[in-house]
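Visitor: Sharing a structure with you now.
Where a number appears in this text, it was derived from the coordinates with a stated rule and is not lab data. In this text, all values refer to a predicted model and were calculated from it rather than measured experimentally. When we count neighbours, we look across all protein chains shown, and the Cβ atoms used for this are built from the backbone with ideal geometry, even at glycine.
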Amino acid sequence: MWITAALAGLFAGAGLIIAIGAQNAFVLRQGLQRRHVGMVVLACMGADVALILAGVGGMGALVLQWPLLLQVLRFGGAAFLGWYGLQAGLRAWRGGSALAAASSEGGNRRQVLLACLAFTLLNPHVYLDTVVLLGSLSTRYPGELRWAFAGGTCVASVLWFCALGYGARLLQPLFRNPNAWRVLDAGIALFMASLALLLLLRPLSP
């Protein structure tokens, strides 16, 4: 039963975490630049694990009782995504000199960490996915099996962010071409803008 619950958590967590999102796009870009990758991966994993454990521990019900919090995160997240999308759009417009120049950009450790936490914690959907949804799914398992489920989801998060952050270097030969960076940044700009619009136009509903 423990293995079954853990595997269920692993697949549920993977299905939610691996979905394309602003956080994943940020981790991918940092991995390609090889800038503060370990810190970014640890921050993403730590935040995910904390939210998952909070959801399994019962915080999901409290989040549902505070709709104002989700609305604050909704508009704050939209503003941040719009700003970051604009920055990516400007990088795509201006171009650069391939991977070497890109590696020298992107801010210091503090700026990168704050951006990483913003992508994670200003996204209201992360609370709906990890705290509410995974927290609700865990209630299908009685007693300590809930924590086996939680353990499986945490393993999915750890594996994914390690693979995304450190596996991005396999794409580095491609991104030695300046045009590849322009295409990536243009895609990120469009993606961030679309996410910001969705947050503004669609009310959050658990």
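Visitor: Provide the per-residue ³J(HN,Hα) series for the range 40-52, in order, calculated from phi with Karplus coefficients 6.51, -1.76, 1.60 and θ = phi - 60°, each as a whole number of Hz, with x at glycine and proline positions.
Guide: Karplus-based 3J(HN,Hα) across the range 40-52 equals 5, 4, 5, 5, 5, 5, x, 5, 4, 4, 4, 5, 4 Hz.
Visitor: Provide the per-residue ³J(HN,Hα) series for the range 125-141, in order, calculated from phi with Karplus coefficients 6.51, -1.76, 1.60 and θ = phi - 60°, each as a whole number of Hz, with x at glycine and proline positions.
Guide: 5, 5, 6, 5, 6, 7, 6, 7, 5, 5, x, 5, 4, 5, 5, 6, 10
Visitor: Projected area of the range 118-181, taken from the Cα convex hull and averaged over every viewing direction, in nm²?
Guide: 6.0 nm²
Visitor: Quick check on packing: order 77-83, 119-125 by the mean number of other C-beta atoms within 10 Å, highest mean leading.
Guide: Top to bottom by mean Cβ count within 10 Å: 119-125, 77-83.
Visitor: How many nm is it between the label spots at Thr4 and Trp83, if each spot is 7 Å from the Cα in line with the beta carbon?
Guide: So the label points at Thr4 and Trp83 sit 4.9 nm apart.
Visitor: Residue by residue through the range 108-123, which ³J(HN,Hα) values in whole Hz follow from phi under the Karplus form 6.51 cos²θ - 1.76 cosθ + 1.60 (θ = phi - 60°), with glycine and proline marked x?
Guide: Along the range 108-123, the couplings run 7, 4, 5, 5, 5, 5, 5, 5, 4, 5, 5, 4, 7, 8, 8, 8 Hz.
Visitor: Right, another one. In terms of modelled amide H atoms, which long-range or inter-chain residues lie less than 5 Å from the amide H of Tyr141?
Guide: none
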